[in-house]
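Written below as structure tokens is the structure these notes are about.
Throughout, read-outs are computed from the coordinates displayed, never taken from laboratory work. Just so it is clear, the structure is predicted and the values come from calculations on it, not from any experiment. For neighbour counting, all protein chains shown are included, and Cβ atoms are generated from backbone atoms with ideal geometry for every residue, glycine included.
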Amino acid sequence: MSSMLKKAVTVSIPSVRQALARSNPVLANALLAKRSYNSKGGVEMTVRDALNSALEEEMTADEKVYLLGEEVGQYNGAYKVSKGLLDKFGPKRVIDTPITESGFCGLAVGSAFAGLKPVCEFMTWNFAMQAIDQIVNSAAKTHYMSGGNVDCPITFRGPNGAAAGVAAQHSQCFAAWYGSVPGLKVVSPWNSEDAKGLLKAAIRDPNPVTIIKSVKKTNRLVTVEGGWPQYGVGSEICAQIMESEAFDHLDAPVVRVTGADVPTPYAQNLEAFAFPDTEVIARVVKRTLNKKIGA
Amino acid sequence: MLSSQKINLAKVAAKAFITPLTVRTFASSAARSVNINLHKGSFESYNCDLPSLDVEISKEELVRMYRSMVTMRRMEMASDGLYKAKLIRGFCHLCTGQEAVAVGMETALTAEDKIITAYRCHGFTYMRGGSITSILAELLGRKAGISGGKGGSMHMFTPNFFGGNGIVGAQVPLGAGIAFAQKYLGHKAATFSLYGDGASNQGQVFEAYNMAKLWELPAVFVCENNRYGMGTAANRSSANTSYFKRGDYIPGLKVNGMDVLAVHQAVAYAKEWTVSGKGPLLLEMETYRYGGHSMSDPGTTYRTREEIQHMRSNNDPITGLKQRLLEFNIITEDEMKAIDKAARVEVDQAVEEAKASGEPDLSEFWTQIYQKDSGVPYVRGREPEEFHRY
């Protein structure tokens, strides 16, 4: 996998792509990366199976790769991503942790400092908030602070963003928070092919990498994400476009479609207002298409 | 990778080195080692045996301990001066008074063993192979600094020393992870994770204890109890100040951390314990810092000057070892003075070298955010026109 994304960006902006490629290599790389993952042909598999096969292949290839997290072993993974791995690799390399995110994330990071290649799984990224200090202050910053003397080849993975009916504390999208951290690579797979490729690449990558799994689509004027609107990924994309030649190609202001600026409610009718759906996206796109600067 | 100027390779690789001074001292008496009896109150145990109070140690090791502590103190005093001269910025946490812990630990370990601590790390960095010049240069934010000037006082590392960590308590799970890696890789090495009385109540410390015991990691957790977490006395922060018992299911040992030989003995015991497969162990080093928590803290608003003076006069680790060296005729007063003087000269020279080093090249601003050549093409600066392409 040639290009790893620094920001949590898997967006495509078809008609301004060329302008971006000249002026903003990061976003351009994102577009190219996305295209190269979506090849034709091959085997159809679920994201979960894609991740499972990525883990299996990387653990087979490198003895230093190991997996730890809650329920990753005997339970075969809370979402079955690690199914069969304990049987295949044994308890030395597939480790069920206690429910202590701060501790086991720190342990994983320390083991990476000492030469191993951990895959640290969070049951959801919401729980990783307990470990965010270790991810940001220990994993992301140490290579720089040590003047290059300490390495941290760790991969953090887990489900991110909304799920149905799980309410406020289990529905947050962390793309913006982790995406903002220098020293951390953040990737967000779009489909199974992405998922397998990105997980394999992340494990092989010598930097700390976080893999957050969510659905994001944009068209040329509209960004769409599940996260909260303020200071988010969409805001970042808008800013980057504004600062680039792409700005000159816009016929209308960029619009962000985001999660509502509200802790996610539980009741289904209320929850329906919390995250973008096709109706909202279509409405905004149409509205945007009807606008033209100067008209 | 660290250059040879930054790491004293002799220190890292070899436990023993002979200097002309120590060769001279052998001439003064026939035996190469001595047996020293530690004071009965040196240790207290929790669910484990006490280490022996009888220490057998070579004379050259004792002299080395003395030299190390004296040099370390000189180095910290020099840092104090540089800070007051405003050549060091930000935080600076000195270990003056606590020298016996870093020195006693190092003499009981090998280069394969690992250490991690928090921000009071200059002494450990020195013992683990960092050169004085590279430590001082780091404090000054210079190119010759052990972290290239990019980390500062709290972020110093050597191949077997993992810092230098700024977030209180975070180093403890990291240390458990380093121990995990030793076990995973089949290395017969112990990992020592140090934290203070202030950090001892952190939840993540207990999370680390739990995993270390569950998975029988070769981890030694060391509470450097200097009685004050910044300005808060231990009994105001901790419902249970018997830090060596806080591991509950992990046995523990309380140690007189002002006695370098007691520290040495306890650390040797702990290493043997963990490496032989008994799982983790907890050590509490009772120690004391003469200075404040950091250079921003006078250290006298929450404790009395009498207390500080009492510790200096009665419990100083360097004076304590000095008395032993004289009592056992290891070296003479004059030889000791020569060591003191040599340490001062060495540190003064290092100060000059550190000062002579320039600031890091501006290009270093952009390096080591990510690993070199790992696919990141571009990093943005403060505004769109300020950026770096790799």
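Taking B:Ala208, B:Ala233, B:Ala144 as the candidate residues, the one with maximal mean-square fluctuation in a Gaussian network model of chain B, Cα springs under 10 Å, is B:Ala233.
Suppose every Lys and Arg Cβ carries +1 and every Asp and Glu Cβ carries -1, with no other charges. What dipole size does the protein assembly as shown come out with about its Cα centre, to the nearest 20 debye?
Working: 75 positive and 70 negative charges, 238 e Å.
Result for the protein assembly as shown is approximately 1140 debye, rounded to the nearest 20.
Placing pseudo-labels 7 Å out from each Cα toward the beta carbon at B:Leu185 and A:Lys64 gives an inter-label distance of 0.8 nm.
Here the Kirkwood formula puts the hydrodynamic radius of the range B:293-379 at 18.5 Å, using every distinct Cα pair.
Over all distinct alpha-carbon pairs, what is the Kirkwood Rh of the range B:182-283 in angstrom? Can you show the working numbers first?
Working: mean 1/r = 0.0717 Å⁻¹.
Mean inverse Cα-Cα distance, inverted, gives 13.9 Å.
Can you find, among B:Phe91, B:Ser52, B:Ile116, the residue farthest towards the positive end of the dipole of the range B:37-168? Put +1 on the C-beta of Lys and Arg, -1 on that of Asp and Glu. Toward the positive end, the furthest listed residue is B:Phe91.
Computed from label points 7 Å out along Cα-Cβ, the spacing between B:Lys337 and B:Phe91 is 4.2 nm.
Averaged over A:147-157, how many beta carbons belonging to a partner chain fall within 10 Å of each residue's beta carbon?
Values: counts 18, 10, 16, 9, 1, 1, 2, 1, 0, 0, 0.
For this peptide, the per-residue mean of nearby foreign Cβ atoms is 5.
Counting only Cβ charges, +1 for Lys and Arg and -1 for Asp and Glu, the dipole size of the range B:38-359 around its Cα centre is about 740 debye.
I'd like the distance separating the alpha-carbon centroids of the range B:312-387 and the range B:235-302, in whole Å. That distance is 24 Å. Spatially, the range B:131-184 and the range A:237-267 are offset by 41 Å when compared through their Cα centroids. Annotation: the residues B:Val70, A:Val43, sorted from fewest to most other C-beta atoms within 10 Å of their own C-beta, follow the order A:Val43, B:Val70. If you look at the Cα atoms of the range B:38-359, you get an Rg and a Dmax of 18.6, 53 Å. Pairs from the table (A:Lys141/B:Lys183; B:Lys143/B:Lys372; B:Lys114/B:Lys143; A:Lys64/A:Lys196; B:Lys86/B:Lys150; B:Lys213/B:Lys254) lying more than 21 angstrom apart at Cα are A:Lys141/B:Lys183; B:Lys114/B:Lys143.
Normalised by the number of residues in chain B, the mean separation of alpha-carbon contacts (under 8 Å, six or more apart) gives a relative contact order of 21 percent. If only the Cβ of Lys and Arg carry +1 and only the Cβ of Asp and Glu carry -1, the dipole of the range B:217-333 around its Cα centre is close to 240 debye. When the P(r) is computed for the range B:58-217, the part past 25 Å accounts for 32% of the Cα-Cα pairs.
How high is the FRET efficiency from B:Asn329 to A:Asn191, r the C-beta distance, R0 56 Å, rounded to 0.05? Don't skip to the answer; put the middle values down first.
Values: r = 78 Å, r/R0 = 1.40.
So the FRET efficiency works out to roughly 0.10.
Ranking B:Thr241, A:Thr100 by Cβ neighbours within 10 Å, fewest first, what do you get? Walk me through the numbers on the way to the answer.
Values: B:Thr241 17, A:Thr100 21.
With the fewest neighbours first, B:Thr241, A:Thr100 line up as B:Thr241, A:Thr100.
Within 10 Å of each residue's Cβ, count the other Cβ atoms and sort B:Leu139, B:Leu185 from fewest upward. Spell out each step's value before the answer.
Values: B:Leu139 26, B:Leu185 14.
Ranking B:Leu139, B:Leu185 by Cβ neighbours within 10 Å, fewest first, gives B:Leu185, B:Leu139.
Remark on A:Thr223: its backbone amide H falls under 5 Å from those of A:Val255, A:Arg256, A:Val257, a criterion applied only to residues 5 or more positions apart or on other chains, H modelled at 1.01 Å from N.
The residue list B:Gly129, B:Met230, B:Leu194 was ranked by how far each Cα lies along the charge dipole of the range B:112-230 toward its positive end, using unit charges on Cβ atoms, and B:Gly129 comes out on top. Just so you know, the averaged projected area of the alpha carbon convex hull for the protein assembly as shown sits at 33.1 nm².
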